[in-house]
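Scroll down for the structure; my scribbles are underneath it.
The values are calculated or read from the model by the stated rules, or taken from the named source; none is laboratory data. All values reported here derive from a predicted model rather than from experimental measurement. Using ideal geometry, Cβ is built from the backbone for each residue, glycine included, and neighbour counts are taken over all protein chains shown.
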Amino acid sequence: MRWLKNKLMHKFGYAFIGVVNGIRQDSSIALQCVLGLITIVVCLFLPLSKIEWCLILIMIFLVITMEFLNSAIEETVNYISMERHPMAKKIKDLAAGAVLLMSICALCIAIIIIGGKII
């Protein structure tokens, strides 16, 4: 049983380091985290149902997760080759597009939930 505990501690440790490094070293990830925190603070002052809280939190974490994946893809492409290549640009643009689409979805949900409570 001790081996399982040690294995889990290592895996969670690596993941935690990844989160901390992502926030510290990537301005896009840091920005999404700040925007997520602002959204949570605003929502604390609104009468949200449990379902609305769940949707808001899911969308915040999905956007941040997409930003982490986008950064990982960009870092991988840069690691493979620092040369400018049309395929590298396409890969990076597709990953950034995924973040944009998720962010638009999150914004729409925020407008519906938060906007509905404010108005």
The condition of being touching a Gly at 6+ places or on another chain (Cβ under 8 Å), part of a helix (DSSP H, G or I) and of a type in the set (Val, Ile, Thr) holds, among Val77, Val63, Val34, only for Val63
Of all residues making up region 107-119, the number that are part of a helix (DSSP H, G or I) and without any contact (Cβ under 8 Å) to a residue 60 or more places away in the chain: 7
Do you know which residues across region 35-70 are β-branched (Val, Ile, Thr), surrounded by 14 or more Cβ atoms within 10 Å (Cβ to Cβ) and closer than 14 Å to Ile109 by Cα? Thr39, Ile56, Ile60, Val63
Taking region 90-119 as the search range and keeping residues that are among the basic types (Lys, Arg) and farther than 21 Å from Ile29 by Cβ, which one is modelled with the lowest pLDDT? Lys117
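Restricting the search to region 80-106, which residues are assigned to a loop (DSSP other than H, G, I, E, B) and of a type in the set (A, V, I, L, M, F, W, C)?
Result: Met82, single match.
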So in region 1-34, with the set limited to residues that are of a type in the set (Gly, Ala, Ser) and surrounded by fewer than 14 Cβ atoms within 10 Å (Cβ to Cβ), which one is farthest from Ile73 (Cα to Cα)? Gly13
Show the residue pairs that are 6+ apart or on different chains and have beta-carbon atoms under 7 Å apart, the first residue being within region 86-106 and without any contact (Cβ under 8 Å) to a residue 24 or more places away in the chain, the second being exposed (fewer than 13 other Cβ atoms within 10 Å of the Cβ) and of a type in the set (Gly, Ala, Ser). Ala88/Ser81
